[in-house]
Amino acid sequence: MKKPASPAKHQQRMSKVKQQIDKQIANADKEQGVAVLLTGNGKGKSSSAFGMLARSLGYGHNCGVVQFIKGDWECGEELFFSQHPLVSYHAMGAGFTWETQNQAADQAAAENAWALAARLLADPKIDFLILDELTYMFSHGWLQLEQVTQAIKQRPAHMNLVITGRGATEPLMAVCDTVSEVKDIKHAFRDGIKAQRGIEF
Ligand code: ATP
Ligand code: MG
């Protein structure tokens, strides 16, 4: 078993760590918004995005949400955040893919959602924006990646942006500043446990 360091050694180590962290903090002095991309097959991408929405609202920021894939089923984040006076909330009602099985309708819904998202992305009054499940628009060929990456790059400099969805590709990663991949280790669904209110939706 590892023995704890002596108090003097511990103090010495921690002081070194503090010096390094202080230096990194001093170097991170650029004033600009960030684009965060959350991808991967594990659970936690959208719920993390909505966690950042809650943080932003804590500071009175003006926020926007566009959910690109959203069936007719309810979800807690919509019930809660769509009521908030600082949130402009848009969930695409049509429901995509395996629900609709209608390519033309899906394409039209994707374009409508993107028109809305593009408007919010260009709006200097918006401080924080979520584009939830955006990546599926590319994997199905409903949106061109190029037009989206351009709009992300051209957004107002102060705007924080969070994009979620599985299977993000390199060009999208390249225009984002923070990219995390959530790894699937296990999921209750595969053990036959019913989806939980407040956890899954
Ligand atoms: P969450 O909204 O819970 O943060 P997510 O955004 O990371 O999840 P999605 O791919 O958008 O994941 O899937 C949303 C739904 O599918 C949620 O109900 C989530 O619990 C469930 N889910 C996510 N990952 C898995 C998985 N690996 N296996 C089974 N179900 C999953
Ligand atoms: Mg999600």
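Residues in segment 175-201 that are β-branched (V, I, T) and in a loop (DSSP other than H, G, I, E, B): how many? The total comes to 4. Quick check on segment 29-54: of everything there that is loosely packed, with under 15 Cβ neighbours inside 10 Å and under 21 Å from R155 (Cα atoms), which residue is nearest to ligand 1 (Cβ to nearest atom)? Taking the candidates together, the pick is V34. Working only within segment 152-174, note down all residues that are small (G, A, S) and either in contact with a Ser or Thr (Cβ under 8 Å, 6 or more places away or on another chain) or under 14 Å from G64 (Cα atoms) (or both). G165, G167, A168, A174, listed by residue number. In segment 29-85, of all residues being of a type in the set (D, E, K, R) and assigned to a loop (DSSP other than H, G, I, E, B), the one that is nearest to ligand 2 (Cβ to nearest atom) corresponds to K43. Consider A108 carefully, then state whether it is assigned to a helix (DSSP H, G or I), crowded, with 20+ Cβ neighbours inside 10 Å and either at pLDDT 95 or above or more than 15 Å from ligand 1 (Cβ to nearest atom) (or both). Answer is no for this residue. Listed by first and then second residue, the pairs with beta-carbon distance under 9 Å, at least 6 apart or on different chains, first residue in segment 149-169 and in contact (Cβ under 8 Å) with a residue 60 or more places away in the chain and away from ligand 1 (no atom under 16 Å from the Cβ), second among the hydroxyl-bearing types (S, T, Y) and part of a helix (DSSP H, G or I), are N160/S56. Check segment 9-21 and report whether any residue there is outside any helix (DSSP H, G or I), farther than 17 Å from T164 by Cβ and either out of contact with any helix residue (DSSP H, G or I) (no Cβ under 8 Å at 6 or more places or on another chain) or in contact (Cβ under 8 Å) with a residue 40 or more places away in the chain (or both). There is no residue in segment 9-21 that is outside any helix (DSSP H, G or I), farther than 17 Å from T164 by Cβ and either out of contact with any helix residue (DSSP H, G or I) (no Cβ under 8 Å at 6 or more places or on another chain) or in contact (Cβ under 8 Å) with a residue 40 or more places away in the chain (or both). Scan segment 1-29 for residues that are among the small types (G, A, S) and within 28 Å of D177 (Cα to Cα) and the total you get is 2. Scanning segment 170-201 for residues that are more than 16 Å from ligand 2 (Cβ to nearest atom), loosely packed, with under 10 Cβ neighbours inside 10 Å and in contact (Cβ under 8 Å) with a residue 40 or more places away in the chain turns up just one, I185.
Taking D127, is it in contact with a His (Cβ under 9 Å, 6 or more places away or on another chain) and free of Cβ contacts under 8 Å to residues at least 40 places away in the same chain?
no
Pick out the one residue from L143, L131, L121 that is crowded, with 18+ Cβ neighbours inside 10 Å and touching a Lys or Arg at 6+ places or on another chain (Cβ under 7 Å). Just a single option satisfies the conditions, and that option is L121.
The values are calculated or read from the model by the stated rules, or taken from the named source; none is laboratory data. Bear in mind the structure is a predicted one, so any value in this text is a computation, not a measurement. Cβ: placed from backbone, ideal geometry, glycine included. Neighbour counts: every protein chain shown.
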